[in-house]
Amino acid sequence: MEPHLWQYGIALFFVKRYADAKALFEKHRRVNPNDVENAAWHYLCVAKATDVDQARKILLPAPDDHRPPMAEILDRLAGGDSKAIEQAVDRLSGLPGHQSAKFYGDLYIGLIADAEGDSTTAKAFMAKAAGTNQNHYMADVARVYHQHLSSSTEPLDD
């Protein structure tokens, strides 16, 4: 069952057990190889434990995740531009998937910015993600992370 426990991996990340979380996300890839979010959390663990350059060197592949804006998030993890995420979300304006895509775009722009040490961008985008009216695990993650960023002057790392 361990490869299916991605929520536990996120919890491990929050308590700074980055190596344990990284290992769990590597296992999760075996049961969900196309999940950009899994690649993102793996990246975040490595970036917090070491640095962004190392995280990019061992970025997990996640081909064919068709959920918008996941392809653009994966490109951003590899060193791309956050504007591509925002543009992918904007293309959905007025369509049924827009609200979800906007939430995930804001969430991952905020998380990546935090990993890169850009607290201004991290706080701004995490505030947007935390303001969602969606009610699911990742929305709760956004709210907790936003609270952490708002109450701390230090990034979530060692």
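The values are calculated or read from the model by the stated rules, or taken from the named source; none is laboratory data. Quantities reported herein were computed from a predicted structural model and do not represent experimental measurements. Glycine also receives a Cβ, built like all others from the backbone with ideal geometry; neighbour counts cover every protein chain displayed. Note: accessible area is taken over every heavy atom of the protein model, side chains too, but ligands, DNA and RNA are not part of it. Shrake-Rupley method; radii C 1.70, N 1.55, O 1.52, S 1.80 Å.
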Report in % the part of the accessible area of the chain that belongs to carbon and sulfur, leaving out ligands and nucleic acids; probe 1.4 Å.
51 percent
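Per residue, how large is the accessible surface of the chain? Use a 1.4 angstrom probe and give square angstrom.
Values: 7860 Å² over 158 residues.
Dividing the accessible area of the chain by its residue count gives 50 Å².
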Percent RCO, i.e. relative contact order, over the chain, from Cα pairs under 8 Å lying at least 6 residues apart
17 percent
List, largest first, the extents of the alpha carbons of the stretch 70-154 along their principal axes, each in whole Å.
37, 30, 17
When averaged across all projection directions, what area in nm² does the alpha-carbon convex hull of the chain cover?
8.6 nm²
Let me know the number of lysine pairs in the chain closer than 23 Å at the Cα, not counting same-chain pairs under 8 apart.
17
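What does the highest-first list of 138-146, 124-132 look like by mean Cβ count within 10 Å?
On the way: 138-146: 18.2, 124-132: 20.0.
In decreasing order of mean packing, 138-146, 124-132 become 124-132, 138-146.
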Grab the DSSP H runs of the chain that are 4 residues or longer, score each as -39,500 (n - 2.57), total them, divide by all residues and round the 222 nm result to the nearest 500 deg cm²/dmol.
-20500 deg cm²/dmol
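Could you order the peptides 50-58, 33-41, 105-113 from most to least packed, using the average number of other C-beta atoms within 10 Å per residue? If you can, show how the numbers build up before the last one.
Numbers: 50-58: 14.3, 33-41: 21.7, 105-113: 25.2.
The peptides rank, most packed first, as 105-113, 33-41, 50-58.
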